[in-house]
1. On a straight-distance basis, which aspartates and glutamates could pair with LYS198 in a cross-link, Cα separation under 18 angstrom, same-chain partners fewer than 8 positions away excluded?
2. Note the count of lysine pairs whose C-alpha atoms are less than 20 angstrom apart in the stretch 268-366, limited to pairs 8 or more residues apart or on different chains.
3. Can you pull the three principal axis extents for the Cα set of the stretch 104-243, in Å, largest first?
4. In square angstrom, rounded to the nearest 10, how much accessible surface does GLU261 have for a 1.4 Å probe?
5. Quick check on the stretch 259-366: take the gyration tensor over C-alpha atoms, sort the square-rooted eigenvalues as a ≥ b ≥ c, and tell me if it's rounded (a/c under 1.5), prolate or oblate.
6. Per-residue accessible area for LYS198 at 1.4 Å probe radius, Å² rounded to 10?
7. Specify whether the C-alpha gyration tensor of the stretch 254-304 places it in the rounded, prolate or oblate class, a ≥ b ≥ c being the square roots of the eigenvalues: rounded for a/c under 1.5, otherwise prolate if a/b is larger than b/c and oblate if not.
8. Is the shape of the stretch 191-293 rounded, prolate or oblate, going by the alpha carbon gyration tensor and its root eigenvalues a ≥ b ≥ c, with a/c under 1.5 for rounded and a/b larger than b/c for prolate?
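The values are calculated or read from the model by the stated rules, or taken from the named source; none is laboratory data. Small disclaimer: the values here were computed from a predicted structure and weren't measured. Just so you know, the surface numbers come from the protein's heavy atoms only, side chains and all, with ligands and any DNA or RNA stripped out. Shrake-Rupley method; radii C 1.70, N 1.55, O 1.52, S 1.80 Å.
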Amino acid sequence: MLSSGKISHSILSLSPPFFTNSSSRFLGQSRKISFLGIQNPFYSAATARKSWNSRMSISPAVNFSVRASAQQLKNADELIDSVETFIFDCDGVIWKGDSLIDGVPETLDMLRSRGKRLVFVTNNSTKSRKQYGKKFESLGLSVNEEEIFASSFAAAAYLKSINFPKDKKVYVIGEDGILKELELAGFQYLGGPEDGEKKIELKPGFLMEHDESVGAVVVGFDRYFNYYKIQYGTLCIRENPGCLFIATNRDAVTHLTDAQEWAGGGSMVGAIFGSTKQEPLVVGKPSTFMMDYLSNKFGILKSQICMVGDRLDTDILFGQNGGCKTLLVLSGVTSLSMLQSPNNSIQPDFYTNKISDFLSLKAATV
């Protein structure tokens, strides 16, 4: 029998604040919104931040329940039969950099042949869903664009869910993926890669101007990050009334190549947090925003979902926050020693070396 052995991570729950019923104002407007069929009052930036900060606060008085250690996956068939949908992280699970991880195509084909729905969720915001579709294709994988959910898409979806005013602009600290998703959603934006070439010439009395119509700053992974962007984003958040600070994710590291780990989007988000002292609204994992979106879009019961990922504090916590089964693979960021460390409080239901173990473990149980 499968045993989840879950504990409560309520103080780390990153459910977006707009799921809470509360009255407030945003940018001088008061209205109600409908998100995924749920009526919710429109949140103000200040109220959203306050609600978000309360979720992010970790009190030393809070006692965690003891969670059973993760079980090594022994019977793949039992796990496969117990769920109808598998959500896969991409970096470290499907590929590393531009290299496909061994056995992935055969594993995905097997799961599809058994009638399982496959969804791919990534915190990497550098590409849009369409661009990720091309990456899957370049690796020889047949994945529909509707099965792909990147944090770039989540940022645009979040803004749509709160009825972000169309006369307001979004300043982007990030790459092309965010720009494309904002454009598809009908939002005005500025910034992005082109601001990577801009410099500030500091002279006595110099005052940097910024667009006062910016109502949100979206920060994602950005290889063109510079001081100009830090200052521009800081000015918008600190000086534009009600301006939102939205992060696609806070991942510490990412896999730009398969040779080593590289500084992740959390380093860019951290710089803006450092200058504004504002906690961001995180729309990527482990926030439950994408899980709630997926559950409603496909009509999936969360208990019938298995989240498969290589990171404890994003992928596994994402699945646990969403009430799903969780499987950690050791093909990416997390090692077995990290999983079993006494300092680690996040334990998945199961762990295995890589997703192709579904094939070998399945064969071993026949």
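1. Candidates past the 8-residue exclusion: GLU175, ASP176, GLU209, ASP211, ASP222.
2. Close lysine pairs found across the stretch 268-366: 8.
3. Each principal axis gives a Cα extent; for the stretch 104-243 these are 67, 31, 18 Å.
4. 90
5. In terms of gyration-tensor shape, oblate.
6. Per-residue accessible area (LYS198): approximately 80 Å².
7. It is oblate, given that a/c is not under 1.5 and a/b is not larger than b/c.
8. Here the stretch 191-293 falls in the oblate category.
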